[in-house]
């Protein structure tokens with residue numbers, strides 16, 4: 001068993017998301033060591049150098065390019081490796097390409113590190129989280145995906161904007177697939193404990209259904225709009241990675257909607273989807289059962305079945 005360094009992270013994949021995540025983690029001062037790994041070693045070296053040059057303005061740390069042998073003591077291994085989503089391409093279109101990449105990446109990680117936490121960020125994140133759990137042999141509480149952490153942040157941002165209130169006071173989750181079948185858990189949404197519709201009325205909004213539909217669609221299509229305009233999304237997801245790493249490194253036991261393998265939760269089994277979970281130093285501590293109505297449960301089960309069908313085809 002390797003002795004893990006709780007202040008060390010590895011990032012596998014140095015594209016837009018991997019390098020933005022490395023930058024966000026450097027700024028956060030959570031880690032004292034970050035190793036960057038990429039199929040293109042020059043790319044990893046360039047990113048490490050570029051970020052390192054800003055260290056005089058931050059906190060001391062080591063950030064360098066390495067290979068899989070350098071991850072043996074990393075407490076958190078963040079996997080962003082994979083083909084990016086192209087304009088007009090759904091997250092699920094990517095699946096075959098990226099499962100193929102994972103078939104080489106995940107066993108290489110497991111060869112050197114069996115005790116860390118695998119945080120999967122590459123898309124489609126739910127299928128790849130499931131693939132990583134199967135290919136790594138890690139206990140399922142130590143393999144999870146960024147899931148709908150970013151989608152949930154987008155939802156809070158849009159609700160905060162709609163209600164003219166601090167988005168940090170909005171408590172609401174996107175659950176299910178990180179993608180086209182994702183669900184807003186409206187029945188448990190609230191603003192500082194006040195049910196969402198009551199708060200809307202306090203702020204002069206009464207057309208609940210059309211607002212809910214518009215906001216849910218905006219969240220779902222956010223990535224497509226950004227990709228259309230700037231070809232990739234990376235800052236929002238990098239900040240989501242930083243947030244998840246905070247929960248792990250500080251053992252915060254924060255409740256985050258990460259993607260993990262379900263065990264007969266709402267009748268859903270043996271598939272990775274996003275549900276709120278307590279996240280700490282050992283990974284996923286437990287799932288948090290939030291209040292869902294019948295329609296939301298049906299949509300969640302349909303989302304899970306969609307993913308299960310795809311996973312069967314590619315794994």
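Rg and Dmax over the alpha-carbon atoms of the range 37-98 stand at 15.2, 42 Å. Assuming a ≥ b ≥ c are the square roots of the Cα gyration tensor eigenvalues, decide whether the range 1-80 counts as rounded (a/c under 1.5), prolate (otherwise, with a/b larger than b/c) or oblate. It comes out oblate by the Cα gyration axes.
One equal scatterer on each Cα of the range 54-163, no solvent, Debye formula: the resulting log10 I(q)/I(0) at q = 0.11 Å⁻¹ is -0.45. Under the simplified labelling scheme, the residue 206-residue 57 pair shows an inter-label distance of 5.1 nm, with each label point 7 Å from Cα along Cα→Cβ. State whether the range 166-251 is rounded, prolate or oblate according to the following rule on the C-alpha gyration tensor (a ≥ b ≥ c being the square roots of its eigenvalues): a/c under 1.5 gives rounded; otherwise a/b larger than b/c gives prolate, and the remaining case gives oblate. It is oblate, given that a/c is not under 1.5 and a/b is not larger than b/c. Taking 4 °C and 1.567 mPa s as conditions, the range 258-309 diffuses translationally at an estimated 113 µm²/s according to Stokes-Einstein applied to its Kirkwood radius (Cα pairs). The Kirkwood hydrodynamic radius of the chain, based on inverse pair distances between different Cα atoms, is 19.8 Å.
For the chain, the longest principal axis of the alpha carbon atoms and the long axis of helix 294-314 meet at an angle near 30°. Could you state, as a whole-number percent, how many of the C-alpha pairs of the range 106-174 are farther apart than 13 Å? Tail fraction, whole percent: 67. Summary of the geometry: the range 123-160 and the range 15-63, compared by the centres of their Cα atoms, lie 22 Å apart.
The base-10 log of I(q)/I(0) for the range 149-314, evaluated at q = 0.09, 0.11, 0.20 Å⁻¹, reads -0.31, -0.47, -1.47 [Debye formula, identical scatterers on Cα atoms, solvent excluded]. Computed from Cα atoms, the angle from the helix 95-112 axis to the main principal axis of the chain rounds to 50 degrees. Rg of the Cα atoms in the range 177-222, relative to 2.2 N^0.38 Å, amounts to 1.23.
Between residue 281 and residue 83, full extension at 0.36 nm per residue minus the direct alpha carbon distance yields a gain of 68.3 nm.
Based on C-alpha pairs under 8 angstrom that are at least 6 apart in sequence, the range 5-145 has a relative contact order of 24 percent.
Packing here is the average count of other Cβ atoms within 10 Å per residue, and on that basis the peptides 268-279, 123-134, 46-57, highest first, run 123-134, 268-279, 46-57. Centre-to-centre, using Cα atoms only, the range 227-252 and the range 254-315 are separated by 20 Å.
Under the classification rounded if a/c is under 1.5, otherwise prolate if a/b is larger than b/c and oblate if not, where does the range 219-272 fall, given a ≥ b ≥ c as square roots of the Cα gyration tensor eigenvalues? The shape class here is oblate.
By the helix-only formula, in which each DSSP H run with n ≥ 4 contributes -39500 (n - 2.57) and the sum is divided by residues, the chain has a 222 nm mean residue ellipticity of -14000 deg cm²/dmol.
Computed from the coordinates by the stated procedures, all read-outs in this text should not be read as laboratory data. Computed from a predicted structure; not experimentally measured. In this analysis, Cβ positions are derived from the backbone assuming ideal geometry, glycine residues included, and neighbour counts consider all displayed protein chains.
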